[in-house]
1. Taking the range 79-109 on its own, how many of its residues are modelled with pLDDT under 50, hydrophobic (A, V, I, L, M, F, W, C) and either open to solvent by 80 Å² or more (accessible area, probe 1.4 Å) or on the phi > 0 side of the Ramachandran plot (or both)?
2. Do we have any residue at all in the range 59-72 that's assigned to a helix (DSSP H, G or I), without any contact (Cβ under 8 Å) to a residue 24 or more places away in the chain and surrounded by 10 or more Cβ atoms within 10 Å (Cβ to Cβ)?
3. Restricting attention to the range 7-25, which residues are of a type in the set (Asp, Glu) and in a loop (DSSP other than H, G, I, E, B)?
4. Output yes when any residue across the range 26-40 is exposed (fewer than 10 other Cβ atoms within 10 Å of the Cβ) and outside any loop (DSSP other than H, G, I, E, B), and no when none is.
5. Report, by residue number, each residue of the range 2-25 that is under 17 Å from the mean Cα position of the chain (by Cα), among the polar types (S, T, N, Q) and open to solvent by less than 90 Å² (accessible area, probe 1.4 Å).
6. Need pairs with beta-carbon distance below 7 Å; first residue over 15 Å from PRO89 (Cβ atoms) and within the range 35-51, second open to solvent by 50 Å² or more (accessible area, probe 1.4 Å) and modelled with pLDDT of 85 or more; sequence gap 6+ or separate chains.
7. Can you pull out every residue in the range 41-53 that is farther than 23 Å from GLN7 by Cα and open to solvent by 70 Å² or more (accessible area, probe 1.4 Å)?
Amino acid sequence: MPPPMRQTVTFDNGSEFSCHFHLHNLALTTFFCDTHSPWQKGGIENAIGRIRRFLPRNTDLATISDQQFNALIAIYNHTPRKCLDFQTPAEVFCQQLLHFECESTCQLALA
């Protein structure tokens, strides 16, 4: 990702983000939502809800292969969104932010 587009990252308060300070080496500032305040980062809550369609709450992420994980990411990034005028996040990112064409259909299947 081009450096001008990576400035900050906001996390919820999960323990999986305990090493967030490593992002400071990339000149990224990290922020955390207040505890029990999901409305402060609605995008995170929306993403979690979408991922939960494929991974139930108690799924041990260590059991997910890299291929399965990458397939989930591809599905997530290539699903059209009403808020994006029915474009996919990949289309918006590539065409509008990076100003070039990219493939907008998901070629990966969840293994």
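The values are calculated or read from the model by the stated rules, or taken from the named source; none is laboratory data. Note that the structure is predicted; figures quoted are calculated from it, not measured. Ideal geometry is used to build each Cβ from the backbone, glycine not excepted, and the neighbour counts take in all protein chains shown. These accessible areas exclude ligands, DNA and RNA; they are computed on the full protein's heavy atoms, side chains included. Shrake-Rupley method; radii C 1.70, N 1.55, O 1.52, S 1.80 Å.
1. Taking the range 79-109 and keeping what is modelled with pLDDT under 50, we get 103-109.
Imposing the further condition that a residue be hydrophobic (A, V, I, L, M, F, W, C) reduces the set to 106, 108-109.
After this cut, where a residue has to be either open to solvent by 80 Å² or more (accessible area, probe 1.4 Å) or on the phi > 0 side of the Ramachandran plot (or both) as well, the list is 108.
Of the residues in that region, 1 qualify.
2. Kept after step one, since they are assigned to a helix (DSSP H, G or I), are these residues of the range 59-72: 61-63, 66-72.
Now narrow it down to the ones that are without any contact (Cβ under 8 Å) to a residue 24 or more places away in the chain: 61-63, 66, 69.
Subset that is surrounded by 10 or more Cβ atoms within 10 Å (Cβ to Cβ): 69.
Within the range 59-72, one or more residues are assigned to a helix (DSSP H, G or I), without any contact (Cβ under 8 Å) to a residue 24 or more places away in the chain and surrounded by 10 or more Cβ atoms within 10 Å (Cβ to Cβ).
3. We begin by selecting, within the range 7-25, every residue of a type in the set (Asp, Glu); these are 12, 16.
The answer is ASP12, and nothing else.
4. Here is the first cut: in the range 26-40, the ones exposed (fewer than 10 other Cβ atoms within 10 Å of the Cβ) are 27, 35-36, 39.
Those still in the list that are outside any loop (DSSP other than H, G, I, E, B) too: 39.
Among the residues of the range 26-40, at least one is exposed (fewer than 10 other Cβ atoms within 10 Å of the Cβ) and outside any loop (DSSP other than H, G, I, E, B), which makes the answer yes.
5. Selection gives THR8, THR10, ASN13.
6. GLN40/ASP34
7. Of the residues in the range 41-53, the ones farther than 23 Å from GLN7 by Cα are 49-53.
The answer is ARG52, ARG53.
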